[in-house]
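Reviewing the structure listed below.
The values are calculated or read from the model by the stated rules, or taken from the named source; none is laboratory data. Since the model is a prediction, treat every value here as computed from it, not as a measurement. Note: ideal-geometry Cβ built from the backbone for every residue, glycine included; neighbour counts use all protein chains shown. Keep in mind that these areas ignore ligands, DNA and RNA; they rest on the heavy atoms of the full protein, side chains included. Shrake-Rupley method; radii C 1.70, N 1.55, O 1.52, S 1.80 Å.
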Amino acid sequence: MSEPLVVVGNGMAAARLVDELAKAALGRYAIAVIGDEPRLAYNRVLLSSVLAGETASHDIELRPASWWRDRGVTLKFGCVATEIDVGRREIKIANEESIGFSRLVLATGSTPLRLNVPGADLAGVHTFRDSRDVDLLLTLAAQRKRVVVVGGGLLGLEAAYGLAKAGASVTLLHLMDRLMERQLDAPAAELLKSLVERKGIRILLNANTARLHGKTRVEGIELTDGRRIDADAVIFAAGIRPHTALAKAAGIPVGRGIVVDDCLQTGAPDIFALGECAEHRGICYGLVEPAYEQARVLAQHLAGHAAAYNGSVVATNLKVSGVSVFSAGDFIGAEGSETIVLNDVRHGTYKKLVIADGRLIGAVLVGDVGDALWYLELIRGREPIARIRNRMMFGRLLALPSEAA
Ligand SMILES: Cc1cc2nc3c(=O)[nH]c(=O)nc-3n(C[C@H](O)[C@H](O)[C@H](O)COP(=O)(O)OP(=O)(O)OC[C@H]3O[C@@H](n4cnc5c(N)ncnc54)[C@H](O)[C@@H]3O)c2cc1C
């Protein structure tokens with residue numbers, strides 16, 4: 001008989017895990033997936049394209065209902081898992097019976113942070129995380145509202161671009177002195193700023209939000225240096241927090257995320273976690289690729305095969321049309337590393353490669369990102385680069401003419 005395996009969360013990590021499990025251990029588990037969003041799992045990464053009007057919402061579903069059915073998965077969407085009884089191996093679902101499990105996987109993702117400032121709970125203050133948020137933002141944009149986006153990371157920039165493209169008048173505030181400071185060095189960030197401003201988005205740096213004004217609805221935002229920006233709506237895109245409440249209440253060890261080992265096992269027997277809710281070797285990843293790598297390892301492990309997750313080298317791509325940005329690995333360069341830089345501001349191109357111990361360890365590209373995947377392979381593969389070092393900056397075609405031919 002199949003063992004009952006319950007997955008909490010019906011997001012990208014959960015969908016990939018079911019896919020991998022169906023390949024690695026078909027029939028071994030009777031899988032139930034509980035998800036609180038009222039629709040089938042979708043590609044959350046593409047919400048930015050939906051907001052920008054470049055993709056339709058119904059086109060981002062990861063798998064059709066028949067795919068889940070064919071794999072015998074019981075899908076419970078629109079259902080919130082409220083409690084884990086570790087001892088009885090049961091999970092409670094709001095307004096429903098509890099269900100039992102022999103193995104449990106937590107794939108609960110993250111929640112967007114709202115700044116803890118006066119006025120943050122006013123009407124008209126939103127976040128950008130799920131497809132319901134996108135519907136709301138599109139309504140604001142259609143009404144040509146003045147929108148302030150708080151946060152100049154990947155998410156904030158994509159929200160600002162989508163809103164501006166859909167008709168809103170957008171100001172983007174960022175706390176730091178440069179955009180995407182966790183992925184870009186100063187020259188790359190400066191170039192990105194000018195490219196984004198050309199899309200009609202106003203950008204204010206060193207902008208620390210003090211409070212939001214308004215009686216019941218937000219009317220404006222005030223910065224700690226006294227600047228004030230009028231707004232009909234404010235979107236917080238200033239970070240995420242792993243969704244750990246369920247695990248924590250069940251006594252499962254939690255740091256910033258749900259702590260897992262190299263098999264994605266939590267501190268409780270037969271309970272696993274993956275994706276954005278998990279913390280592996282002190283790191284909570286906020287990107288989809290690590291979640292997919294974890295899904296592969298966990299599926300192998302659940303199938304009874306030896307497998308270990310050793311962490312991920314992450315890469316970031318900005319999805320703003322006409323503004324290509326890529327960043328991976330150690331892009332600043334620790335002491336003892338070397339950098340090769342090409343900076344052509346006029347043509348909107350910036351390239352930086354960071355080398356240490358004869359290997360590529362990081363890269364930043366703005367404008368021309370055609371070789372991004374090649375650089376990422378070199379970083380991940382830790383291959384010696386001595387024979388291509390002189391030509392590497394000019395891309396794969398010039399560095400490896402014989403292989404590229
Ligand atoms: C707009 C946007 C753009 C992005 N762009 C990129 C990008 O370009 N590249 C990239 O790598 N990453 C990007 N990301 C991040 C990426 O989407 C996430 O890393 C990925 O979705 C993580 O997958 P997950 O399954 O861990 O979490 P999620 O996809 O968030 O899934 C978790 C699910 O669990 C549900 N859940 C939580 N608690 C419960 C509960 N108690 N009961 C039932 N259900 C529950 C949540 O509602 C959610 O549906 C983007 C994210 C957003 C929002």
Quiz item: Does the range 328-394 come out rounded, prolate or oblate by the C-alpha gyration tensor, with a ≥ b ≥ c the root eigenvalues, rounded set by a/c under 1.5 and, if not, prolate when a/b is larger than b/c and oblate if not?
Solution: prolate
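Could you work out what % of the accessible surface of the chain is carbon and sulfur, using a 1.4 angstrom probe and leaving DNA, RNA and ligands out of the count?
Looking at the chain in its full context, I get 49 percent from C and S.
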Quiz item: According to the square roots a ≥ b ≥ c of the eigenvalues of the Cα gyration tensor, what is the shape class of the range 243-375, taking rounded for a/c under 1.5, prolate for a/b larger than b/c otherwise, and oblate for the remainder?
Solution: prolate
Quiz item: Counting DSSP beta bridges in the range 54-175, what percent are antiparallel, to the nearest 5?
Solution: 55
Quiz item: So how do 97, 276 rank on accessible area, 1.4 Å probe, biggest first, that is with the largest at the start?
Solution: 97, 276
Self-check item: Heavy-atom accessible area ranking, 1.4 Å probe, most first, across 319, 352
Solution: 319, 352
Quiz item: Among rounded, prolate and oblate, which fits the chain when a ≥ b ≥ c are the square roots of the eigenvalues of its C-alpha gyration tensor, a/c under 1.5 means rounded, and a/b larger than b/c means prolate?
Solution: oblate
Self-check item: DSSP beta bridges in the chain [antiparallel fraction, %, rounded to 5]
Solution: 55
Quiz item: With all protein chains present and a 1.4 Å probe, how do 285, 350 order by accessible area, largest first?
Solution: 285, 350
Quiz item: Mind checking the dipole of the chain: about its Cα centre, +1 per Lys or Arg Cβ, -1 per Asp or Glu Cβ, Debye to the nearest 20?
Solution: 580
Quiz prompt | Signed unit charges on C-beta, dipole axis of the range 246-405, positive-most listed residue 400, 378, 345 | solution = 345
Quiz prompt | Over the chain: helical MRE at 222 nm, DSSP H runs n ≥ 4 each giving -39500 (n - 2.57), nearest 500 | solution = -7000 deg cm²/dmol
Quiz item: To the nearest 10 square angstrom, what accessible area does residue 130 show with a 1.4 Å probe?
Solution: 20
Self-check item: Accessible area in square angstrom per residue, the chain, 1.4 angstrom probe
Solution: 45
